[in-house]
Amino acid sequence: MIVRARVVVTMDGAPIKNGAVAVSEDRVVNVGKFPEVSARHSGEKIIDLGEQVLLPGLINAHCHLDYTCLRGKISRQKSFTDWIRAINAEKSKLSPQDYVTSINEGFAEAKQFGTTTIANLTAFPELIRHLPDTPIRTWWFAELIDVRSPERAKEFVALAIESLKSAQNYGLAPHALFTASKNLYQRCEETGNDVLLTTHLAESREEMQMFRDGSGPLCEFMNSIGRPMDDCGNQTPLELFLGAPGGRALPTCWIIAHLNELTESDFELLEKVTAKFHVVHSPRSHDYFDHSPFQSERLRRLGFNICLGTDSLASNESLSLFAEMRAFQRSDPEISPQKIFEMVTVNPASALRQQNTLGRISPGFRADLIAIPCRERGNLFGEIVAFDGEVDWIMVNGRTQSIQSTCG
Ligand SMILES: [Zn+2]
């Protein structure tokens, strides 16, 4: 089939006015001006989207759909540690079926906002087999915590991998340095470079306080639940993760969420890191917690690939990456809208090692496409970032999808 639109934004060259995309099965086979594409593929069914801009589907690089049902349930807390207590209290009320419902509602909402690929962390990988046909492309990351039983790290990784095998795309997510042991991180890295890894690192001031100073509310809380605290009081979270001084040989598969709290010595260390990992920033969750300013430009200049994610609805109000782009734009107005759009397309595609299949509209790439209204007043990318509705039209893996409002 051929999909025509007033403008096609390919992220692979300049936007194409009166553009068209030829799709065969799950792939894009041709992109160009409508007259040329339709001449080359004559006889194909034409979907004319009219006054719309056709875009690559968006990619959410960090999310926890488990907690979609916690939207609005946790008011802003005095501290990050209080938020952890509050979410734990909410989680204790939920059953496995509640989580399945929550994840399904999250998929539906993400799709409404034009997300066609999601990196989703789940604390319940055993539920994945109840979610066989996800409506959007999903990388399932098993979130692992061994703080209460560090002797079971190896077993937790093995169990997670067993559950993840029912998913097409998967990875592992040792939760954070304060909840996952060094041994657990090592076990995850030992699964090999083919398995993507993600973790939360240097997210809050309290995490910095705990590891660098050996004090503060998070430190006290983790101590009270029996965490061994011998790694606290000496190093920043980044130093601990990288193994300072000098850093260790880091596998190339790490996608690091947050990095809000970095010292000057951390930046010196980041300069020396040869395997430049991927970084996910969640602007609205960042604002909710009032973390220190995220240093996106400094990290980008050091060679790190910056992506955007929504994080969970326990610290955000929707799963819209458009809203995430706007929140980023408010804090970093000097970054061009086109660069911001890269953070939800080509950059996360590369973090998921899909730079040759996702994030662009190009021959051979997966046919994951979305359309939004096109007014063409001024800057096209500015208009895309400013879009605040639900998408009009969506195609995932070559199939047009119906968009139903199932959440709200
Ligand atoms: Zn997270």
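In this structure, is V273 at pLDDT 95 or above and either of a type in the set (V, I, T) or open to solvent by less than 40 Å² (accessible area, probe 1.4 Å) (or both)? No, not satisfied.
D194 - would you say it is within 28 Å of E317 (Cβ to Cβ), open to solvent by 10 Å² or more (accessible area, probe 1.4 Å) and either at pLDDT below 95 or in contact with a Cys (Cβ under 7 Å, 6 or more places away or on another chain) (or both)?
Numbers: within 28 Å of E317 (Cβ to Cβ): no; open to solvent by 10 Å² or more (accessible area, probe 1.4 Å): yes; either at pLDDT below 95 or in contact with a Cys (Cβ under 7 Å, 6 or more places away or on another chain) (or both): yes.
It is false that D194 is within 28 Å of E317 (Cβ to Cβ), open to solvent by 10 Å² or more (accessible area, probe 1.4 Å) and either at pLDDT below 95 or in contact with a Cys (Cβ under 7 Å, 6 or more places away or on another chain) (or both).
Output the number of the condition that R298 fails; it satisfies all remaining conditions of (1) assigned to a loop (DSSP other than H, G, I, E, B); (2) away from the ligand (no atom under 16 Å from the Cβ); (3) modelled with pLDDT of 95 or more. If we test R298 against (1) assigned to a loop (DSSP other than H, G, I, E, B); (2) away from the ligand (no atom under 16 Å from the Cβ); (3) modelled with pLDDT of 95 or more, just (1) comes out false.
Just give me the residues in region 276-291 being assigned to a loop (DSSP other than H, G, I, E, B) and within 13 Å of the ligand (Cβ to nearest atom), in sequence order.
S282, H291
Is it the case, given these coordinates, that L308 is hydrophobic (A, V, I, L, M, F, W, C) and within 15 Å of the ligand (Cβ to nearest atom)? Yes. Which members of region 333-348 meet the condition of being assigned to a loop (DSSP other than H, G, I, E, B) and either over 21 Å from the mean Cα position of the chain (by Cα) or charged (D, E, K, R) (or both)? If the condition is that a residue be assigned to a loop (DSSP other than H, G, I, E, B) and either over 21 Å from the mean Cα position of the chain (by Cα) or charged (D, E, K, R) (or both), then P333, E334 are the ones that fit.
Okay, residues lined up against (1) charged (D, E, K, R); (2) under 19 Å from the mean Cα position of the chain (by Cα); (3) under 25 Å from I255 (Cα atoms):
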residue: R360; (1), (2), (3): yes, yes, yes
residue: F365; (1), (2), (3): no, no, yes
residue: D368; (1), (2), (3): yes, yes, yes
residue: P373; (1), (2), (3): no, no, no
residue: G382; (1), (2), (3): no, no, no
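Considering only residues in region 383-392 that are of a type in the set (A, V, I, L, M) and outside any loop (DSSP other than H, G, I, E, B), the one that is surrounded by the fewest Cβ atoms within 10 Å (Cβ to Cβ) turns out to be A386.
Tally up the residues in region 349-382 that are part of a helix (DSSP H, G or I) and in contact with a Pro (Cβ under 8 Å, 6 or more places away or on another chain), please.
Going through region 349-382, the residues part of a helix (DSSP H, G or I) turn out to be 349-351, 380-382.
Going one step further and asking which of them are in contact with a Pro (Cβ under 8 Å, 6 or more places away or on another chain), we end up with 380-382.
Adding up the residues that qualify gives 3.
Taking the criterion of being crowded, with 24+ Cβ neighbours inside 10 Å and either among the acidic types (D, E) or within 15 Å of V385 (Cβ to Cβ) (or both), the residues of region 304-324 that qualify are L308, D311, S320, L321, E324.
Out of M210, M229, which single residue is open to solvent by less than 10 Å² (accessible area, probe 1.4 Å), more than 25 Å from the chain's Cα centre (by Cα) and at negative phi? It would help to see each step written out before you state the result.
Details: M229 fails: open to solvent by less than 10 Å² (accessible area, probe 1.4 Å).
After applying the criteria, what remains is M210.
Out of all the residues in region 199-220, is one or more at pLDDT below 95 and of a type in the set (D, E, K, R)?
So the first thing to find is which residues in region 199-220 are at pLDDT below 95, and the list is none.
No, every residue in region 199-220 fails to be at pLDDT below 95 and of a type in the set (D, E, K, R).
Hey, can you tell me all the residues within region 114-151 that are surrounded by 21 or more Cβ atoms within 10 Å (Cβ to Cβ), aliphatic (A, V, I, L, M) and more than 16 Å from the ligand (Cβ to nearest atom)? The answer is I128, I136.
Working only within region 2-31, note down all residues that are without any contact (Cβ under 8 Å) to a residue 60 or more places away in the chain, under 13 Å from L54 (Cβ atoms) and open to solvent by 20 Å² or more (accessible area, probe 1.4 Å). Outline the logic, then answer.
First, the residues of region 2-31 that are without any contact (Cβ under 8 Å) to a residue 60 or more places away in the chain: 2, 4, 13-14, 16-20, 22.
Narrowing the set further to residues that are under 13 Å from L54 (Cβ atoms) leaves 2, 4, 16-20, 22.
Hits for region 2-31 are R4, I16, K17, N18.
Output the residues belonging to region 247-272 that are outside any helix (DSSP H, G or I), away from the ligand (no atom under 13 Å from the Cβ) and over 21 Å from D194 (Cβ atoms).
Within region 247-272, the subset outside any helix (DSSP H, G or I) is 247-263.
Narrowing further to those that are away from the ligand (no atom under 13 Å from the Cβ): 247-254, 261-263.
Within region 247-272, G247, E261, L262, T263 qualify.
The values are calculated or read from the model by the stated rules, or taken from the named source; none is laboratory data. Predicted model only: the values in this text are computed from it and were never measured. When we count neighbours, we look across all protein chains shown, and the Cβ atoms used for this are built from the backbone with ideal geometry, even at glycine. With ligands, DNA and RNA removed, areas are computed over all heavy atoms of the protein, side chains included. Shrake-Rupley method; radii C 1.70, N 1.55, O 1.52, S 1.80 Å.
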